[in-house]
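Colleague: Have a look at the structure that comes next, please.
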């Protein structure tokens with residue numbers, strides 16, 4: 001190994017190393033929420049087809065909308081130089 005280069009086994013954990021774990025828990029929590037909302041809406045609508053379509057529509061509408069709202073709040077404090 002050359003002098004000055006860090007060892008690949010140096011013990012410092014890269015943040016990208018945990019990215020698959022975050023994706024797993026994000027997907028798992030989304031499935032849990034989808035199941036809960038579908039069961040609750042089944043009581044409201046009386047059948048599963050309407051409940052599933054409502055939950056799917058809500059997830060598809062909120063999916064592109066939520067990150068843009070988050071990014072707008074995040075960049076609100078940034079000024080152009």
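Colleague: How would you rank 40-51, 19-30, highest first, on the average number of other Cβ atoms within 10 Å across their residues?
Modeller: On the way: 40-51: 12.2, 19-30: 10.0.
So the peptides 40-51, 19-30, ranked by packing, come out 40-51, 19-30.
Colleague: In Å and on Cα atoms, what radius of gyration and Dmax does the range 18-64 show?
Modeller: Both quantities, over Cα of the range 18-64: 12.5, 42 Å.
Colleague: Once you have the Cα-Cα distance between residue 36 and residue 59, take 0.36 nm times their residue separation minus that, and quote the gain in nm to one decimal.
Modeller: That works out to 7.0 nm of additional length.
Taken together, the values in this text are just the output of simple stated rules run on the coordinates, not laboratory data. Quick caveat: nothing in here was measured; it's all calculated off a predicted structure. Positions of Cβ are generated from backbone atoms using ideal geometry, with glycine treated the same way; all protein chains shown enter the neighbour counts.
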